[in-house]
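Encoded as structure tokens, the structure appears first; notes follow it.
The values are calculated or read from the model by the stated rules, or taken from the named source; none is laboratory data. Here the structure is a predicted model, which means the values were calculated and not measured. Cβ atoms come from the backbone with ideal geometry, glycine included; neighbour counts cover every protein chain shown.
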Amino acid sequence: MLSTLSFSILSLAAAQEPTPLMEIGDVIGGTPYHVLRFDKLQINDAGEWHAQVLWDRATNEFCLVRNGALAHEFRELLGDGPGAGARWNWTHGLSMNEAGQVFYSMGFTNNPTGLLDDEGLYYEFDSLFALESDAVLDPAVPAGSRWHDWDEVQFNDTGTVLADADYEDGTTGVDHRVLVKLGVDPQGLPTGSEEIILREGDLLNGSTILRMPGTSRQSDMNDSGDVIATVRVSDGGPQKSVIWMNGVELARDGEPSSVGGGLDWSNLENAMMAVNSRGDYVFTTKLNSTSIRDALIVNGHPLVQYGDALPDIAPYVLRYLHGKEVDIADTGDVLWYGSFNDPNGNQDEALFLNDRVLVREGITMIGGVAIEEIETDEFSYFLSDSGRWVVFEATLADGREGIYRIDLDPDPTLLPLDPGVAGQVNTATVLNAGPGSRVLVGASSRRGNALIQCHGSLLESGLSAPVAKVAAAVADGAGKVVHSRVVAPSLVGTRWYLQALDMDRCRLSNVVPVQF
């Protein structure tokens, strides 16, 4: 019966418009209080997001929000010590992995045990992982050495935390700034494994390390434990900055760059960097040139550089790399922020994915309103490891401010059958399929959870068996399929449920009911 429908393919671009996650003034779920400012934003492959926000419960109070609802409030009582009355007071760093688990570097207050130290690492808010006063366990460190400070953290999916920290030497009493890996068991408890991988005062290729990374994006770690970082060094002459990864020097101020043309690396102390789970790395750099001043380096080669004519900014050319974030997904896609020489200063900056504009000030719309300004500070834009999700902070032309999300790899969307009347021509449309993907549409008279085979795996549909194959077609270059046909008059009075399947990606659409 419904097999009388057939496909005819049309071509129409389907842009992914950013959607609001939360805006200033919104009520925080589970409370009567409102958002005043966002801070420390992250998202994972499941699309779960986490942020520290300033709220209006009291002056200068922060809380932690997860997926729009209150996760933890200012001065919340902490579980598992450091004392019976210890409460959360501030956050230095936080990192959420793909399981949605969050590691915090935080400060405490109201600690009744009399501890002088008021900072530590926490797994969620339930498990105290390390205090400032804890003994350093790395066997290469003198006995009696104790942790003195915790700052930024990176938490991967394989049980390791990378932390910026200080410890006090048990022999000399001197403080040492370090990057350290700490082992985490599945319950969020310490495994006892600690490895200091970079330390102020140590030698790096014959040069003394003088200064460690200063911000959250000046070091990074992936699921394999690969670490990339920038450090300030001296070999007896002028101080220089070095980008280092797993013991290998990738770049050094004053040395020839991979951009070529006789250009040297410059100002690497301010480089932003990231490494994905395949070991691909990215970093920003300055160059000792007035004609090519900035470059974005991926695996040793420039992805983009000052003066490039990129597709979406023509006839203008790239100028500077701005922002305190850069990110690289496991797909190899790179998220970065830059400006170009558009004389209209209201639309001369953008958030880019590789060499394409993703969000442009003054041009990109959200609900019919243009984005006026994109926030470029730390934790203000983020790419999930899978490369599917982008979140960013922005201000809109109507004065709204908030955090917004883009789905770069959405599930297929089946639109309602139009007009949904038997005996007439009806049109069904599938959006967000993969370009060139094979798309099936199935139908059933009941909702359910029938299993559908796809490339050796079973997908749980939203339909009851038996599921009839309505039609099959190949999506156009925009991932869209449109099919139109007269629906038989005999279907008047019947109710059906339709669902689309992107066979190449094994992704199911929403279920659409139709009452003829």
| query | Could you list, in sequence order, the residues of segment 202-217 that are farther than 14 Å from Val178 by Cβ and surrounded by 22 or more Cβ atoms within 10 Å (Cβ to Cβ)? | reply | Ser216, Arg217
| query | Are any residues in segment 342-356 among the polar types (S, T, N, Q) and either surrounded by 15 or more Cβ atoms within 10 Å (Cβ to Cβ) or closer than 16 Å to Val304 by Cβ (or both), and if so, which ones? | reply | Gln347, Asn354
| field | Test set (1) at pLDDT 95 or above; (2) closer than 26 Å to Asn156 by Cα - His34 fails condition number | value | (2)
| Does at least one position in segment 271-282 carry a residue that is part of a loop (DSSP other than H, G, I, E, B), closer than 30 Å to Phe352 by Cβ and out of contact with any Asp or Glu (no Cβ under 9 Å at 6 or more places or on another chain)? | yes
| task | Inspect segment 36-55 for any residue being among the small types (Gly, Ala, Ser), more than 20 Å from the chain's Cα centre (by Cα), in a loop (DSSP other than H, G, I, E, B) and not assigned by TED's automatic domain parsing to the domain that holds Asp157 and give the result as yes or no. | result | no
| request: Being surrounded by fewer than 17 Cβ atoms within 10 Å (Cβ to Cβ), in contact (Cβ under 8 Å) with a residue 40 or more places away in the chain and farther than 15 Å from Lys40 by Cα is the filter here, so list the residues in segment 360-380 that pass it. | output: Met365, Gly367
| remark: Per the filter on segment 428-460, residues surrounded by fewer than 18 Cβ atoms within 10 Å (Cβ to Cβ), in contact with a Pro (Cβ under 9 Å, 6 or more places away or on another chain) and assigned to a strand (DSSP E or B) are Arg447
| task | Answer yes or no: is there a residue in segment 252-268 that is among the acidic types (Asp, Glu), part of a strand (DSSP E or B) and over 30 Å from Ile371 (Cα atoms). | result | yes
| remark: Restricting segment 395-422 to residues that are part of a strand (DSSP E or B) and free of Cβ contacts under 8 Å to residues at least 40 places away in the same chain, the one nearest to Trp336 (Cα to Cα) turns out to be Thr395
| request: Residues being within 26 Å of Gly323 (Cβ to Cβ) and touching a Ser or Thr at 6+ places or on another chain (Cβ under 6 Å): count how many of those fall in segment 197-209. | output: 0
| note | Restricting segment 309-332 to residues that are in a loop (DSSP other than H, G, I, E, B) and touching a residue at least 12 places away in the same chain (Cβ under 8 Å), the one surrounded by the most Cβ atoms within 10 Å (Cβ to Cβ) turns out to be Ala329
| said: Quick check on my filter: what residues within segment 461-479 are assigned to a loop (DSSP other than H, G, I, E, B) and either among the aliphatic types (A, V, I, L, M) or crowded, with 18+ Cβ neighbours inside 10 Å (or both)? | reply: Ser461, Gly462, Ala465, Val467, Ala475, Asp476, Ala478, Gly479
| Elements of type strands (runs of 3 or more DSSP E) in segment 123-188, at least 1 residues being polar (S, T, N, Q) and touching a strand residue (DSSP E or B) at 6+ places or on another chain (Cβ under 8 Å) | 146-155, 160-168
| query | Only one of (1) more than 15 Å from Thr19 (Cα to Cα); (2) out of contact with any Lys or Arg (no Cβ under 8 Å at 6 or more places or on another chain) is not met by Glu401, so which one is it? | reply | (1)
| said: For segment 480-496: of the residues being assigned to a loop (DSSP other than H, G, I, E, B) and under 47 Å from the mean Cα position of the chain (by Cα), which is farthest from Thr427 (Cα to Cα)? | reply: Thr494
| Looking at Leu94, is it assigned to a strand (DSSP E or B) and surrounded by fewer than 20 Cβ atoms within 10 Å (Cβ to Cβ)? | no
| remark: Residue hits (segment 218-250; closer than 20 Å to Ala163 by Cβ, out of contact with any Ser or Thr (no Cβ under 9 Å at 6 or more places or on another chain) and charged (D, E, K, R)) are Asp220
| field | From Arg232, Arg199, residue being surrounded by 15 or more Cβ atoms within 10 Å (Cβ to Cβ), among the basic types (Lys, Arg) and in contact with a His (Cβ under 6 Å, 6 or more places away or on another chain) | value | Arg199
| query | If only one of Arg485, Arg438, Arg505, Arg447 is among the charged types (D, E, K, R) and over 28 Å from Arg388 (Cβ atoms), which one is it? | reply | Arg485
